[in-house]
1. Quick one: in region B:268-286, which of the residues that are within 30 Å of residue B:26 (Cα to Cα) and not aromatic (Phe, Trp, Tyr) is farthest from the other protein chains (Cβ to nearest Cβ)?
2. Which pairs do you get when a residue that is within 9 Å of chain C (Cβ to nearest Cβ), found in region D:218-240, comes within reach of a residue that is among the β-branched types (Val, Ile, Thr) and assigned to a helix (DSSP H, G or I), reach meaning Cβ atoms under 9 angstrom, with the pair 6+ apart or on two chains?
3. Going by the structure shown, is residue C:251 within 17 Å of the chain's Cα centre (by Cα) and small (Gly, Ala, Ser)?
4. Return the pair list, or none, for Cβ contacts closer than 7 Å from residues in region B:64-93 that are of a type outside the set (Ser, Thr, Tyr) to residues that are part of a helix (DSSP H, G or I) and surrounded by fewer than 21 Cβ atoms within 10 Å (Cβ to Cβ), at least 6 apart or on different chains.
5. How many residues are in contact (Cβ under 8 Å) with a residue 40 or more places away in the chain and farther than 18 Å from residue C:58 by Cα if we restrict to region C:106-120?
6. Going by what's in this entry, would residue A:52 be described as out of contact with any Lys or Arg (no Cβ under 9 Å at 6 or more places or on another chain) and more than 18 Å from residue A:312 (Cβ to Cβ)?
7. Only one residue in B:221, B:194 is closer than 17 Å to residue B:267 by Cα, buried (at least 21 other Cβ atoms within 10 Å of the Cβ) and modelled with pLDDT of 95 or more. Which one?
8. How many residues does region C:111-126 contain that are more than 22 Å from residue D:179 (Cβ to Cβ) and in a loop (DSSP other than H, G, I, E, B)?
There are 4 protein chains.
Amino acid sequence: MAVPENFDVAHLGPVELLTPSFDESLWFFRDLLAMREVARIGDSAYLRTWDEYQLYTVKLTATDAAGVGRTSFRASSRDALERRVAAIEATGLGDGWTDGEVGTGPTFLFRDPDGHAMAVYYETDRYVATDDRPALKNQASAFPGRGVNARRLDHINYLAKDVEACGAFVADALGMRESERIRLDNGRFAAWWFHFGLKSYDVVYSDDWTRHGNRLHHIAFAPDTREDILKAADIFLENGIHIESGPHKHAINQTFFLYVWEPGGNRIEFANAGARLLLDPDQPVVEWSEQERRKGQAWGMKTIESFHTHGTPVV
Amino acid sequence: MAVPENFDVAHLGPVELLTPSFDESLWFFRDLLAMREVARIGDSAYLRTWDEYQLYTVKLTATDAAGVGRTSFRASSRDALERRVAAIEATGLGDGWTDGEVGTGPTFLFRDPDGHAMAVYYETDRYVATDDRPALKNQASAFPGRGVNARRLDHINYLAKDVEACGAFVADALGMRESERIRLDNGRFAAWWFHFGLKSYDVVYSDDWTRHGNRLHHIAFAPDTREDILKAADIFLENGIHIESGPHKHAINQTFFLYVWEPGGNRIEFANAGARLLLDPDQPVVEWSEQERRKGQAWGMKTIESFHTHGTPVV
Amino acid sequence: MAVPENFDVAHLGPVELLTPSFDESLWFFRDLLAMREVARIGDSAYLRTWDEYQLYTVKLTATDAAGVGRTSFRASSRDALERRVAAIEATGLGDGWTDGEVGTGPTFLFRDPDGHAMAVYYETDRYVATDDRPALKNQASAFPGRGVNARRLDHINYLAKDVEACGAFVADALGMRESERIRLDNGRFAAWWFHFGLKSYDVVYSDDWTRHGNRLHHIAFAPDTREDILKAADIFLENGIHIESGPHKHAINQTFFLYVWEPGGNRIEFANAGARLLLDPDQPVVEWSEQERRKGQAWGMKTIESFHTHGTPVV
Amino acid sequence: MAVPENFDVAHLGPVELLTPSFDESLWFFRDLLAMREVARIGDSAYLRTWDEYQLYTVKLTATDAAGVGRTSFRASSRDALERRVAAIEATGLGDGWTDGEVGTGPTFLFRDPDGHAMAVYYETDRYVATDDRPALKNQASAFPGRGVNARRLDHINYLAKDVEACGAFVADALGMRESERIRLDNGRFAAWWFHFGLKSYDVVYSDDWTRHGNRLHHIAFAPDTREDILKAADIFLENGIHIESGPHKHAINQTFFLYVWEPGGNRIEFANAGARLLLDPDQPVVEWSEQERRKGQAWGMKTIESFHTHGTPVV
C-alpha cells in the first residue's frame, strides 16, 4: 500500500457517541470518568477530559440505539486541511462543508466506505479554564482527582464490513500509516491498525461479522498509568459497570487495557502504552497470522467471546 | 519565532557520550541500564536500549573528560534529509557529509552555535535480534527484565552560552517547535524546550553559566512507568550511583524524573511523561517567569544547587 | 529494654485531631481524603476511611489551636484489656474508666509521660455499610474512587520532651516493641519507632525541641500503592494544600511517603510500606547514628527544615 | 470453630519444593526470581529471597515428581514453641524432634491430616550479608534489581482430601485463625484461608478433587507492588514460562495475583495485598457461596480450568 508521506492530520478529534440511556451514560462519562460537561445542545451533551486542549472530546447524543455518530479529525494547518479535503473528494465520499460546533471551525464532512460519519477541520477554540483552572499552566484544566481521571481520548476502533477497503480509505483520505494487522488464513484482514504521528494507533478497523455497516467496536481513553487502569477496574466494579475484559496487555501494539460497557451499551476501553512510541518513520507493518492470534493476549489471556459478538448498534 | 511547518526530522537518534571512566561507565549503561553492547570500535562501545529499532542508541567513548560528542537526528525521508541539509547549510554551520557508523547511512555533520557536534541522516539499518529475540514480534528485542530496563532514549539537554541563538538554530535547521521556556526578569531565556512530533520535548537548551561552550546538562532515557523510576532509585542506591535529585515531578512539561550521575560524571535522567502528548499542532508556547520558577518543581521540591553548578565537561 | 512478650494491643484505633479551621479541615478529610462523616457530636465530626472496620477513624474537633486529642488503642481481647489496664495503672498514669463514644465500648483513659491523652478499649461496633455497600463483601465499605482513597490509618508520630521516657512507657503500658531508633552523638534518642504485630511502626516519638509537651508531629494514612501517593501529590497541588516534603522514600523503615499540612495546620502523612513486614518476632532494633541520618532519606533527599520546626500546636 | 487466642506461631518459614527438573527450576528461582543460593546439600539447593531475615526461604530438591516437601513454621518464642508442640502431640500427628538445617534450630516434625510434612521451630540464624550488603541496614540483603525481585515468601496453598479436617488441624495445632472460606451448596468447604498476625492468609487448603493426598496447589511470593507483578508477567513471557492466569485481582482476600508454572511443574503465585491488613482481632470469617464464586475474580475473570485440574504431584 502506498502511504502518502505527510502529517496532514494532527490527531483524532471529538467523537459522537449515541446512547439509548442518556442519563446513565452521562453519569458514566461525567461522574466515573471525571469528564466535564461544557455544553448541552438539543439531545446532546458535550464533554471534555481534563487535559483536552479543545472545548470538547465526546458528544453524547440521546438516540434509540447505541453506536457511533461523527468522528472528527483535526488537520495540522489550513493548507493541510485543503489537501485532505481534496484527497477525500477524490474518493467520492465527501459530503461537503458545514459549520463546526462548540468551538470547532469550518468542517468538511465525509463517510468511510462502511458508512461511518467523519469530518475534518482545522480551526478550533482552545479551552479556557474557569473554576477548573489548573495549578500548572501547561495543562488544560485541573486534574479532577476522582474517578478514572482519563487524560485524553486515545483511539477509535470501528467494525467494518470490508476492513481492507476502509483501511485503504483512511490511508488515502487522511494520510494515516498502518502499524499492525491481523491476516486470516483466508487472506482477509481481521483487523487493521492505523496511526498519526508517533502514536501506535488512532484508528482501527475490525471485521464486522454481521456485515451490518456503520458500527462501533469501541473508543478508548488514555489514563496516565497502568495503576490508573487497575483503579478504574475497582471503580467500575463498585459502580456496577460491566467489565468485559482485562486489565491485561494486548499482544498487538502492547497496550495495557481494560474494556467495559458504558450504560448505553457502547464498549469503552482504557489504554496505556507506557513509553512506547512509533519513532521509525518507515516502520514496517507488523502482521499477525491467525495462528499467532490464537495464543491470546500478551500474557496468554484468551480474547473473550463477547469481544467478537458485541458491537454497537447491537444487531 | 517563525516555526517552519514540517516534520522533516523524525526523532533524536544516537548520542555520543564521553567518559574519563570508560569501564565504570560501560558497567553503568550495560549492567544497570540493561543496555546491550552491539559493537566496539576503537575507544568506543555502541550500546542499545531494548526497544531501540536502530542498531545503537548511545556511543560511549573513552576520553580525558566527560561531556557529549555528536548528537544524531534521523530525517523522516530522503527528501526531508535533503531539505534539512539545505536549511543547515544556509546557516553556515554545516560541516559536510561523512559515512555513517554502525548501521547508519550517509550522514551530514554540523554544529550548533554553541559548538555541540550534530548530524542528520536518513538511512539506517534495523536491529535484528538473535539470542535476544522478543516473545512479541512488535518490539525490537527481548525485555531484559533487569536493572532500569530503559525502553528508549528520550531527550538531550545541552548547556549553551546563548540559549536564544541555539534555540533559533534548531528551529530553523531541524524544524523543531518550541514547547516551553523560562524567561528571566532580564528578558533572557534560562532554558528552552523543543520537540519533534507529539513528544513534548526532545532537545533542550539550558543556560551555561560558565560560558564555556559545548557542554552537556544531561541525556534522558524513558522507562515505561513511574514505578520503574522508583525502582531505578533503589537500584542506583544499592550500586553506589550518585542520586542527584528526584524522583519528583517537573513543573515544566510535567515529566516524572530522576537524575543521577553516571560514573564518568555525566548527568543521566530517567523521565516518564505518562499519557501526556502535545497533540495540538499549534500549541502556544508555555512561558514561565523567574518568579514562577522559584516555586520549585511541581510538588514543591526546590531545584537542587548542583543542578545549576554541574555540567560536563566540568569546568 | 525488657519487652513483654505479648500481643495484647491489636492496633492503633481512632485518633482525635484538633483544628482551629474546622470547616476547612473537614473539607480536607472528607473531600480530599474521601473519608465519610458518620457522626457529628458537639464540636466534633467523626470520620472514617473506606476500609475502616470500626465506626470511625478520626475525630475532628474544633478548637483554638491545632494538635492532637486522644489516641485510642484496641486491645486484642477482654483479658488483654484487663492486663493492659493493670500495666498502665502500675505506671501511675491511669485516668480511670469512661464510656466509649460512637461505637466504642468501655474505655480506660491514661496519659503518656509527655501528656498525650490516650485510651485503650476492647469492645467496638463494626461498621455496617448502607448506601456505601461494597461490591466485595470482605471490605468495610465501597471504594470511594475519588481523592486520595486512603484505606486506613497507619501510625501516629508524637513530639515528646523525653523520647526515652515515652518509649519506655508504651513498651511497658501497651506492650509495644521497638523497631528502629535514631541515637544522637550525645546518647539521646532523636526518635524512636514502636510497633504492634507485623507492622513496622504504629507509634513514634520524636524529640520536641520546644520542650512544650503534648504536641503532634503527624498522623499517617495508608493508601494501597505508591502510585496513590503520587496521585495524592497532584490532588493536593490542585487544591492548594501545602506539600511539605516528598514523595520520597524514608531510610528508616523504608516507607514511601508524602507530607502535607491539613488546613488546620496538622501535618498529615501518606505512607506505603510495600510488602515489607516485620516477620521476625525477635527482630533486633535498628539504630541509626547522627552521622547516618545526615545522609538524608533513602534516595538522598535532605530532611526539610520545617520537619524539625513545625509541630502542632505551633508554639 | 474455637480458635485459641494466641500468637504462638510468628510466620510461615521455609518450604521445600520438589522438582523433576532441578536445573531448570533452579534457573527459575535463582535467575528469574533473583533468589540467592546459600547452600547445596545432597540433592537440594537452599535459596533465599532478598529480604529474608533467615538463611533460606525455599529448599529446592531434585526428585522424580513435582510437589511439596516439608513446610516449616517459626514459633514466636521458646515458650510458644513448647505450647505448639504440646498441641500438636495432642492431635496424634507429631513425628518427634530433629536437628534443624541451614541455620534452623531444633525442629519438631509433624504431618497434617492430608499427609503434608510440616515442622515447627523457634531458633534461627539471621542472614549476614557479605557481597550482597544492602545500602540501608534495615533490610536483609541488597535489592537485586533484576527479575521479579520477590521480597519474601507469602503463603502456601495445599490441596487436601478433607479441607475441613485440615483447617481444623492448623487452627488447633498452630493457632491459626480463619479469614475466609468457600462453602459449596453441599455444605463442604471448597477452600479455607488461615492466617497468622495481621496478614490475611498464610496457609490455605483447597479441595483435592483427586483424593490423592499430600499435594500442592501453589506457593506464593510477595513483590512490593502490583507493577512488579505486571513486569513479572513480561519477564515470564520473554523466558517461556507458562503463565496460567492473571495478572488479575482475587475476590477472596483481594490479592492482586499472577500464577505461573515453574519448570518443574509446581504452580507459583506472585501476590500483592496493597495496604490491606486484618487489624480486627475478632474479624468474622467471610464466607462465599458457590453462587458467589461463579462471578469469577474481583474484576470478572473466570477462574481458568487448569486451576482446578493441575496440582503437584500431577496424578
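1. It comes out as B:268.
2. Listed pairs, sorted by first residue: D:223/D:229.
3. Judged against the criteria, residue C:251 is not a match.
4. Every condition considered, the pairs that remain are B:87/B:172.
5. Looking only at that region, the number is 5.
6. No: the conditions fail for residue A:52.
7. Criteria check complete, one pass: B:221.
8. Going through region C:111-126 one residue at a time, the tally reaches 5.
The values are calculated or read from the model by the stated rules, or taken from the named source; none is laboratory data. All of these numbers come straight from a predicted model, not from anything done at the bench. Quick reminder, even Gly has a Cβ in these numbers, built from the backbone with ideal geometry, and neighbours come from all protein chains shown.
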